[in-house]
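The values are calculated or read from the model by the stated rules, or taken from the named source; none is laboratory data. All of these numbers come straight from a predicted model, not from anything done at the bench. No Cβ is skipped: glycine too gets one built from the backbone with ideal geometry, and neighbour counts run over all protein chains shown.
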């Protein structure tokens with residue numbers, strides 16, 4: 001009998017995520033009945049939101065169930081179809097999780113065109129991370145030309161898109177990233193105006209130098225001292241799109257230390273989850289897809305090889321070891 | 001030569017405000033030249049924002065200057081006018097500060113009708129505090145009927161209006177106040193659905209009991225543990241209008257301890273200053289004035305007698321000793 005591999009959540013993390021929290025399993029390839037589609041996944045997307053799902057806490061989504069396949073976005077190819085909307089060879093993106101194959105009734109499965117856009121990009125700049133950037137920037141920060149937008153985790157899948165979209169709107173884009181290599185990439189390849197290496201130890205001074213006119217919008221992926229430093233430089237009526245708080249994903253309390261500034265500078269802070277705004281995805285993905293196809297939206301990928309490498313790649317991503325969008329190449 | 005009294009800022013507070021920070025002065029009554037109006041102030045409004053002005057920090061308004069008359073709203077009567085828009089006997093509200101009299105060219109001076117609305121109410125429910133409540137509730141929280149709105153400092157000039165406006169919109173209104181007497185007033189006289197005595201020591205449990213369906217909107221006047229307790233009970237897409245942080249006015253750092261909830265519950269937090277939205281004042285004041293005239297918007301006043309009593313009354317208000325709108329009766 002044919003089998004494929006999948007990874008389930010074996011236990012919830014106590015503090016840091018450990019490889020022991022995951023278990024690799026071999027399961028039979030299911031047979032396809034009327035209306036169903038069988039997909040071979042080529043890429044698995046690893047994203048920070050998965051960390052929060054591993055906790056059993058009140059949040060926007062139900063916790064990842066123990067002993068169930070880890071949640072995750074996938075891009076692959078239809079290998080068998082008894083659904084008239086799909087045929088073998090179709091390239092599709094879906095949410096099959098940390099698994100080499102997936103069976104679907106077609107709901108949530110989307111055909112994509114790989115003529116001008118590589119399949120993997122549908123998990124990055126032209127997928128959920130890109131839409132996350134697009135939504136937070138255009139719907140919450142809504143910057144005017146000439147304003148300054150700061151984004152943390154600037155070399156990552158979301159942050160890299162935020163800055164490039166801000167530049168396309170005539171803003172000053174300033175990134176924050178870890179290490180000189182990432183910062184050089186953010187400025188030289190992605191075209192940000194500046195990028196601050198938070199590991200260099202001069203966060204406040206470097207941020208001040210990079211934002212001489214203050215900050216009008218913050219796209220926050222990290223939290224902690226980076227957010228505090230940004231808030232301290234906000235101009236009146238600044239907007240903070242709260243997308244992620246990766247600094248607190250291991251359970252540390254996350255505090256905002258300069259709450260008073262929210263009042264004195266009349267700031268708006270808004271948390272959001274891009275999947276709750278499906279009505280905007282066609283508009284956002286159209287812009288993102290056109291920019292990628294035209295070479296105007298650049299991205300980089302970190303690709304781990306094989307499903308068994310996923311836990312280590314995921315743990316590394318949470319520590320900032322990836323460079324650009326973190327993927328797992330499955331087959 | 002005729003004189004009147006005024007109070008100037010003598011020094012900036014080190015921690016708590018002290019009577020030494022103020023100085024009472026006697027100054028000559030000015031003569032009135034063409035275009036000017038001389039006003040005798042009957043009431044001085046004491047408001048929490050004054051505390052922040054006493055600090056020399058970056059904020060939405062310039063700091064109160066040392067040795068200058070303390071800023072403040074006043075309600076009084078024209079005693080001499082060489083301005084065609086005003087005549088002696090006109091009731092007016094203005095910003096003459098902590099002073100028994102004031103000279104104006106008419107800018108910022110507004111005639112008010114005291115036929116159905118008492119003069120002092122123009123410093124409270126039908127003035128800046130009322131508009132603050134109206135703006136935060138209608139423009140930021142924007143509650144739907146059936147939603148739960150929580151307001152801290154609920155018996156105060158702003159909080160009392162917030163809850164009554166929320167009730168008028170079909171919401172569940174829950175107040176937070178200090179002591180059983182204030183709480184009884186908030187429920188029995190103002191008509192809130194419930195009011196929690198934060199001094200009783202069971203803030204979290206009491207708040208949970210009073211908000212069985214969670215919290216959709218918070219009008220925050222206090223900050224600190226009260227805000228944290230509210231955030232912990234917010235429903236998805238909840239809105240927090242950040243109006244004041246009286247808990248941090250003496251310079252303690254103000255932190256928001258559950259920042260993660262802003263993200264997981266997709267909350268919006270917005271600081272605001274009502275004076276920056278003059279275009280909405282006519283609409284808001286019309287509603288507030290009609291409600292007061294109809295007896296549908298109730299309020300209470302704490303009135304200190306004489307300008308010399310202002311510093312003590314102000315310090316008491318910062319500690320929550322007032323009950324309702326804090327005023328000073330001047331003449």
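A few points about this structure:
- Taken across the stretch A:196-219, residues that are facing another protein chain (nearest Cβ under 7 Å) and not in a helix (DSSP H, G or I) do not occur at all.
- Of all residues in the stretch A:176-195, those that are outside any loop (DSSP other than H, G, I, E, B) and in contact (Cβ under 8 Å) with a residue 12 or more places away in the chain total 11.
- Residue A:44 vs. criteria part of a strand (DSSP E or B), closer than 12 Å to residue A:314 by Cα and touching a strand residue (DSSP E or B) at 6+ places or on another chain (Cβ under 6 Å): yes
- Checked against (1) touching a residue at least 60 places away in the same chain (Cβ under 8 Å); (2) part of a helix (DSSP H, G or I); (3) surrounded by 22 or more Cβ atoms within 10 Å (Cβ to Cβ), residue A:241 meets all criteria but (2).
- Single unsatisfied condition, residue B:162 versus (1) touching a residue at least 12 places away in the same chain (Cβ under 8 Å); (2) under 15 Å from residue B:206 (Cβ atoms): (2)
- Any chance residue B:266 is within 9 Å of another protein chain (Cβ to nearest Cβ) and modelled with pLDDT of 90 or more: yes
- Candidates A:315, A:240, filtered to the one that is within 13 Å of chain B (Cβ to nearest Cβ), at pLDDT 95 or above and within 18 Å of the chain's Cα centre (by Cα): A:240
- Test: residue in the stretch A:246-256 that is touching a residue at least 12 places away in the same chain (Cβ under 8 Å) and more than 22 Å from the chain's Cα centre (by Cα): yes
- Residue that is modelled with the highest pLDDT, among those in the stretch B:244-253 that are assigned to a loop (DSSP other than H, G, I, E, B) and under 21 Å from residue B:316 (Cα atoms): B:244
- Filter result for the condition that a residue is within 14 Å of another protein chain (Cβ to nearest Cβ), surrounded by fewer than 22 Cβ atoms within 10 Å (Cβ to Cβ) and over 22 Å from residue B:265 (Cα atoms), over A:235, A:257: A:235
One line per residue, one yes/no per condition, for (1) within 16 Å of the chain's Cα centre (by Cα); (2) part of a helix (DSSP H, G or I); (3) surrounded by fewer than 16 Cβ atoms within 10 Å (Cβ to Cβ):
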site: B:282; (1), (2), (3): no, yes, yes
site: B:285; (1), (2), (3): yes, yes, no
site: B:290; (1), (2), (3): no, yes, yes
site: B:303; (1), (2), (3): yes, no, yes
site: B:321; (1), (2), (3): yes, no, yes
site: B:326; (1), (2), (3): yes, no, no
site: B:331; (1), (2), (3): no, no, yes
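- Matching option when the condition is modelled with pLDDT of 95 or more, part of a loop (DSSP other than H, G, I, E, B) and not assigned by TED's automatic domain parsing to the domain that holds residue A:219, among A:77, A:34: A:34
- Qualifying residue in the stretch A:273-290 (condition: closer than 18 Å to residue B:265 by Cα, at the interface with chain B (Cβ under 7 Å from one of its Cβ atoms), modelled with pLDDT of 90 or more and touching a strand residue (DSSP E or B) at 6+ places or on another chain (Cβ under 8 Å)): no
- Checked against the criteria, residue B:226 does not count as more than 10 Å from chain A (Cβ to nearest Cβ), in contact with a strand residue (DSSP E or B) (Cβ under 6 Å, 6 or more places away or on another chain) and at pLDDT 95 or above.
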